[in-house]
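First the structure, in the form of structure tokens, and then the observations on it.
The values are calculated or read from the model by the stated rules, or taken from the named source; none is laboratory data. As the structure is a computational prediction, the values presented were derived from the model and not from experiment. Every residue, glycine among them, receives a Cβ derived from its backbone with ideal geometry; neighbour counts consider all protein chains shown. When the accessible area is computed, the model is the full protein with side chains, heavy atoms only, and any ligands, DNA or RNA have been set aside. Shrake-Rupley method; radii C 1.70, N 1.55, O 1.52, S 1.80 Å.
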Amino acid sequence: MKRWNGWGDDSITYPLHDAPRRFLQDLVGPGTPPQDADLTAVLRSVPATRLPMHPRVSPEPLGRLLHARGHSLPDWIDLRSGKIEAFPDGVAYPEEDVEVQELLRYAAEVGASVIPYGGGTSVVGHINALALGAPILTIDLSRLNRMLRFDETSHLATFGAGVCGPDLEAHLRARGCTLGHYPQSFEYSTLGGWIVTRSSGQQSLGYGRIERLFAGGRLDSPAGTLVLPPFPASAAGPDLREVVLGSEGRLGILTQATVRVAPLPQREEFHGLFFRDFEHGQDALREIMQARLPLCMARLSTAVETQTNLALAGHERAIHALEGLLSLRGAREDKCMLLLGCAGREGMVAATVRQATAIARARGGVHVGQTFGKQWHKSRFRTPYLRNTLWELGYAIDTLETAVSWSAIPGLVGALEQALRGGLEAVGERVHVFTHLSHLYPYGSSIYTTYLFRTASSGDREADAAETLRRWRALKAAASRVIVAHGGTISHQHGIGTDHLAYLPDEKGPLGMAALADLCDRFDPQGIMNPGKLLL
Ligand SMILES: Cc1cc2nc3c(=O)[nH]c(=O)nc-3n(C[C@H](O)[C@H](O)[C@H](O)COP(=O)(O)OP(=O)(O)OC[C@H]3O[C@@H](n4cnc5c(N)ncnc54)[C@H](O)[C@@H]3O)c2cc1C
């Protein structure tokens with residue numbers, strides 16, 4: 001069963017052995033297991049619904065709790081402490097586009113605001129019920145999940161936009177194809193969610209971000225229906241797909257989406273390489289990207305991330321032996337790991353891997369075969385389960401991400417890590433920070449930073465939740481300010497939601513923000529769609 005206050009299926013755990021536990025303790029101090037609220041008590045705090053009866057809207061408390069929060073760290077603090085400021089007043093589960101239209105009319109008539117809900121995996125507050133005054137109707141789209149058309153000749157597939165990652169891939173794989181879109185939240189996130197948050201999958205380097213895969217679809221809004229035909233390309237004025245991409249539920253509900261699919265690869269390989277330090281790794285990676293080799297994935301970890309990943313992997317003896325060998329080749333304490341993936345036809349994969357590793361070797365890279373790459377591929381959807389384990393040990397972990405051009409990367413990575421590392425000095429707490437570059441482009445890269453700190457542990461659940469949230473806020477604000485100051489985007493892939501809203505005007509400027517507000521007014525004149533998210 002899906003966890004109500006943590007990540008994933010409750011039958012799946014991610015145990016941490018003694019050595020990794022000691023590693024964490026040495027970094028930030030011993031954690032104290034928190035006293036989480038129990039489900040029955042939290043259910044008792046769900047208030048009576050303010051929505052008038054509707055046959056498609058359920059006021060049942062469990063459904064309302066399960067749709068109240070997503071997966072940001074503040075969301076987890078709310079759920080684990082049981083202090084949830086607002087709940088949806090009802091949840092509807094439409095199965096057809098016409099039911100979505102009917103629900104939008106109902107919401108407008110009764111003065112409710114509407115939160116479209118895909119898989120609820122948002123990490124920036126997108127789907128949260130906010131106490132803004134109006135009753136809240138959450139529309140869960142998971143039953144709009146059918147494959148509606150498959151055009152084998154054109155490699156186009158149309159789905160109900162609520163289809164989740166595994167179901168979408170199962171339909172396509174049965175037909176010899178793939179979308180190749182694998183965000184780490186793949187198990188639960190949905191096609192519609194990916195599109196309206198401008199998601200980026202782990203193999204975006206080969207298959208493309210969701211923008212490249214989204215060919216067209218249908219948006220049902222309070223003002224009417226927008227149909228986007230799946231042209232291969234068009235010069236007919238501005239592309240209205242761009243209006244839907246990143247719209248975060250503010251314009252309407254994407255009910256159908258047509259995506260561009262690819263044949264299943266004949267071969268897929270993931271290789272590991274080590275460099276003496278991050279600078280050498282970056283130079284090699286930039287050269288590989290600018291050579292425009294048809295890779296599907298690349299990920300370069302800083303020295304601290306490399307060390308952390310090796311420590312958490314737990315295979316002490318094997319890693320010790322590897323470190324001995326790497327040391328002979330010049331990769332010692334500051335060594336950085338690069339993973340490179342390639343998917344496609346047999347001959348192409350072999351040739352691409354040969355060329356990429358040749359560039360890396362010329363920059364001092366040591367190729368260690370496919371063991372690390374295979375391990376990454378095998379565990380890529382399992383890693384989020386570590387969040388549950390860490391929380392239960394008394395550690396909070398969060399990630400943030402941005403993208404900049406190559407020339408700005410060293411300055412931004414350094415400043416970001418420094419701001420986070422020293423961000424809790426005032427309360428005498430240490431923060432463990434590490435970064436990788438992934439989602440690579442010839443012109444730059446995304447920067448993905450993870451930070452870990454202790455949750456507060458006075459024993460008073462409410463006070464501890466407030467203090468842990470205060471710590472998170474201090475770190476998030478410091479990091480966001482650094483991103484803006486260094487010219488990075490406030491989000492490369494997670495979107496805006498509530499958590500990045502304050503920083504969007506820096507990026508879009510006054511005219512850009514006014515244009516976005518006008519767009520919302522055009523599609524949603526009463527302002528009922530997901531208020532308080534993306535822009536105020
Ligand atoms: C463990 C974990 C790992 C993650 N890894 C990645 C990653 O690798 N790459 C990445 O890009 N993101 C990642 N994310 C973030 C998140 O999964 C993405 O933002 C994802 O696209 C959200 O999809 P969802 O279906 O869960 O949408 P939800 O969280 O349900 O909703 C997100 C937003 O989309 C709107 N929405 C959803 N469906 C529709 C629809 N059909 N029509 C209109 N509006 C809609 C909602 O109103 C909301 O504003 C991760 C999150 C977690 C928790």
Return the whole-Å distance between the Cα centroid of region 211-260 and the Cα centroid of region 407-426. 37
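Over the chain, what is the relative contact order in whole percent, taking alpha-carbon pairs under 8 Å and six or more residues apart?
Working: 1080 pairs, mean separation 97.0, N = 536.
Here the relative contact order equals 18 percent.
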Using modelled amide H (1.01 Å from N, peptide plane; none on Pro or chain starts), what sits under 5 Å from the amide H of residue 221, excluding residues fewer than 5 places away? 226, 253
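What is the percent carbon and sulfur in the accessible area of region 190-297, measuring with a 1.4 Å probe over the protein chains and ignoring ligands? Please list the in-between numbers first.
On the way: 2090 of 4030 Å².
So the carbon and sulfur contribution to the accessible surface is 52 percent.
Per the helix-only calculation at 222 nm, which mean residue ellipticity applies to the chain, given -39500 (n - 2.57) for every DSSP H run of n ≥ 4 and division by its residues, nearest 500 deg cm²/dmol?
-11500 deg cm²/dmol
For an R0 of 51 angstrom, estimate the FRET efficiency from the Cβ-Cβ distance between residue 526 and residue 328 and round to the nearest 0.05.
Details: r = 69 Å, r/R0 = 1.34.
Efficiency at R0 = 51 Å is approximately 0.15.
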Hz values of 3J(HN,Hα) by residue in region 265-272 - Karplus curve (6.51, -1.76, 1.60), Gly and Pro given as x: x, 5, 9, 9, 10, 10, 10, x
With a Förster radius of 22 Å, plug the Cβ-Cβ distance of residue 345 and residue 318 into 1/(1 + (r/R0)^6) and report the FRET value to the nearest 0.05. 0.10
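Report the local net charge at residue 71: Lys and Arg +1, Asp and Glu -1, summed over other residues whose C-beta lies under 11 Å from its C-beta.
Values: positive: 3, 69, 387; negative: 75, 398.
Charge balance in the 11 Å sphere: +1.
Would you work out if region 66-145 is rounded, prolate or oblate? Take a ≥ b ≥ c from the square roots of the eigenvalues of the alpha-carbon gyration tensor; rounded if a/c is under 1.5, else prolate when a/b is larger than b/c, oblate otherwise. Before the final figure, lay out each step's value.
On the way: a/c = 2.81, a/b = 1.51, b/c = 1.86.
Oblate.
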What percentage of the solvent-accessible surface of region 386-536, computed with a 1.4 Å probe over protein heavy atoms, is contributed by carbon and sulfur atoms? 55
Spin-label model distance (nm) - residue 399 vs residue 457, 7 Å beyond Cα toward Cβ: 2.6
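Would you mind calculating the relative contact order of region 297-386 from Cα pairs under 8 angstrom and at least 6 residues apart, reporting the percent as a whole number?
Numbers: 48 pairs, mean separation 29.8, N = 90.
So the answer I get is 33 percent.
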Which distance in Å, rounded to a whole number, links the C-alpha centroids of region 456-491 and region 1-80? 19
What residues have an amide H closer than 5 Å to that of residue 178, excluding those fewer than 5 places away on the same chain, when H is modeled at 1.01 Å from N in the peptide plane? 262, 264
Out of 108, 439, 193, whose Cα points farthest toward the positive end of the dipole of the chain (charges: +1 Lys, Arg; -1 Asp, Glu; placed on Cβ)? 439
How much of the accessible area of region 45-164, in percent, comes from carbon and sulfur atoms when a 1.4 Å probe is used? 53
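Residue 174 to residue 267: FRET efficiency via 1/(1 + (r/R0)^6), r the Cβ-Cβ distance, R0 25 Å, to the nearest 0.05? Present the calculation step by step, with values, prior to reporting the outcome.
Values: r = 20 Å, r/R0 = 0.81.
After rounding to 0.05, the efficiency reads 0.80.
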Tensor-based shape of the chain (alpha-carbon gyration tensor, a/c under 1.5 rounded, otherwise prolate or oblate): oblate
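For the chain, what does the accessible surface come to per residue with a 1.4 Å probe? Please give it in Å². Please report the intermediate quantities before stating the final value.
Working: 22660 Å² over 536 residues.
Solvent-accessible surface per residue comes out at 42 Å².
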Length gained if residue 83 through residue 143 is fully extended, taking 0.36 nm per residue and subtracting the Cα-Cα distance, is 18.6 nm
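If each residue of separation counts as 0.36 nm, what is the full-extension length gain between residue 361 and residue 511 once their alpha-carbon separation is subtracted? Before the final figure, lay out each step's value.
Numbers: separation 150, 0.36 × 150 = 54.00 nm, distance 4.79 nm.
Using 0.36 nm per residue and subtracting the Cα-Cα distance, I get 49.2 nm.
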